[in-house]
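Every read-out reported here was derived from the displayed coordinates using simple, explicitly stated rules and does not represent laboratory data. This one's a predicted model, so the numbers in the text were calculated from it and none came from an experiment. Don't worry about glycine lacking a Cβ; one is built from the backbone with ideal geometry, like all the others, and counts go over all protein chains shown.
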Amino acid sequence: MSNDVVVDIKGLAKHFGDRVVFDNVSLAVHKSEVVAIIGPSGVGKSTLIRCVNHLHPFNAGTIDVLGYHLQGDVAPSKPMLRELRSRVGMVFQTFNLFPHLTVLDNIILGPIEVKRLPRAQVTERAMDLLAMMGLQQRAQMYPKRLSGGEQQRVAICRALAMEPEIMLFDEPTSMLDPELVGEVLEAIRRLAKQGMTMLLVTHEMMFAKDVADTVVVMADHTVAERGPARQVLESPQTERARAFLRRVLNPGLSSDGARRQRGGV
Amino acid sequence: MIALWRQYLPQFFQGVGVTLELTALSLLVALLFGFLLALARLSGWRGLVLGATVYTEVIRAIPVLVLLFLAYYSLAQAGIKLSGMTAAVVTLGGFYATLYGEIFRGAILGVDRGQSEAALALGMNRRTVMRKIVLPQAFFTILPPATNQLSNLIKDTSLVFTVGVTDLMFQAYAASSATFQPMDMLLLAGIVYFVFYLVLSKFLTRWELNVQRRRG
């Protein structure tokens, strides 16, 4: 972790009509920092990280990402936005692999179309990424043939092929069968070790404690608490963070907590 | 009957040629114009959306024969004289464009939002997202209803004999007037239309299956 702030969110607010998703959210992410965002369902965690690459517009506040400036209720210029997105990778809860393309073509499409790199060069890099994930044998298959865990690891390769400086993970393991969660988390853990800057929305508390430098607890439409991962998860300071963690860490007391909990703590 | 059929076969073949040409041209117009209508309705620009919506709702509610007569007779009265063939292509193309437009629009909207999000998140522009991600996936939603409409289009080309285009129906009608055997001649025309449809739909279905199998 260094002192350069690469994502600087200030006073962010998002609402759909009358419904406030979140309000007054501020968060600074440093280079090589891993930030895990946790909190109850529907509190706007996914919406928040989707604001970082402007997949969701927001209503007020500012986000500075790698020097690009996004402002509430102002449409960013399209070339600027494309440049920003080409430097910020995203992995989705539902994988969103392109079903009409092979695994390899999924991975090389971005670099070819966006960065205009030669196919041979991109293919070589894609095969290296697949090898790193132990998926070389899957290169010529279509996504539908792969398990959920394999699909999500391909999705990570697809994002990494763009050589991003920041990675956004939107609940990357929520759609996976329990036995497949580990392989995806392992891939993310390896990225963290390599010094990738990451913003990660997750329900895996153990994983957050283990891999994240910083944990952000969102509750009641804003950031309830943020701090070093271990400190926030083991001795939360605010009542809202305590209430959420109590529910999550003691499944059985609440059906919501039980459903969300995986792996146990 | 067979002897009569043999005698009129050359005319029939000529008619078949005209029907095929008319179908191909009308389909081309309908596909291109229909695609533009779909894009216009999806563009979000108020004027375009309104124009395309009004055109679609009005045109598809009018019988093809009425449209054909409007294009051929009424436009001629207004000083725009179209040949029978041109009027036919304009009418069939313009009418089927509304149907294809709706098929395209529905299929494009039917592609999961996550697909374009994933592509946009990689930094692609909207055009590339449409070309590389959305349209290839919409294609297989489009194919079955588009095949259906094509078979309707083939059959509707038979209306153009009313404006003097010498298509298959025209030849069948002429032959039945000359031979006083309307039953036999129209039956032959019916068989030819049916064979068209059969060959075409078999071909398209096989193609669709092939690609679907390849994608696992």
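Data overview
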quantity	calculated
Exposure proxy ranking, count of Cβ atoms within 10 Å, fewest first, for A:His69, A:His30	A:His69, A:His30
Cα-only Debye scattering, segment B:156-208: base-10 log of I(q)/I(0) at q = 0.29, 0.31 Å⁻¹	-1.05, -1.11
Table column - 3J(HN,Hα) (Hz), segment A:192-209, Karplus curve with 6.51, -1.76, 1.60, x for Gly and Pro	4, 4, 7, x, 5, 6, 9, 10, 10, 8, 8, 10, 8, 5, 4, 5, 4, 5
Cut-off under 5 Å, modelled amide H: who pairs with A:Ser26 long-range	A:Gly11, A:Leu12, A:Val223
Alpha-carbon gyration tensor eigenvalues x 5, square-rooted, for chain A, Å	30, 23, 16
Distance violations [Cα-Cα > 29 Å] among A:Lys78/B:Lys132; A:Lys31/B:Lys132; A:Lys78/A:Lys209; B:Lys81/B:Lys155; A:Lys31/A:Lys209	A:Lys31/B:Lys132; A:Lys78/A:Lys209
Cα→Cβ-extended label distance, 7 Å offset, between B:Leu65 and A:Gln231, nm	8.4
B:Arg46-A:Glu163 pseudo-label distance in nm [points 7 Å out on the Cα-to-Cβ vector]	4.6
Reachable aspartates and glutamates from A:Lys193, criterion Cα separation under 12 angstrom, eight or more residues apart if same chain	A:Glu33, A:Asp210, A:Asp213
Residue-averaged 222 nm ellipticity for the protein assembly as shown, from DSSP H runs of 4+ at -39500 (n - 2.57), nearest 500	-18000 deg cm²/dmol
Peptide-level mean, for B:124-133, of C-beta atoms on other protein chains within 10 Å	4
Residues A:Asp73, A:Asp128, B:Asp167 arranged by fewest to most Cβ contacts within 10 Å	A:Asp73, A:Asp128, B:Asp167
Neighbourhood net charge (15 Å Cβ-Cβ; Lys/Arg +1, Asp/Glu -1) for B:Val160	-2
Exercise: per-residue mean of other protein chain Cβ atoms within 10 Å, A:156-163	1
Projected label distance in nm at B:Leu36 and B:Ala3, using a 7 Å step from Cα toward the beta-carbon	5.4
Equivalent ellipsoid semi-axes - Cα gyration tensor, segment B:20-165, angstrom	33, 16, 11
Ascending count of other beta-carbon atoms within 10 Å, so fewest first, for A:His54, A:His221	A:His221, A:His54
Under the Debye formula (equal points on every Cα, no solvent term), log10 I(q)/I(0) of segment A:1-127 at q = 0.12, 0.13, 0.20 Å⁻¹	-0.57, -0.66, -1.21
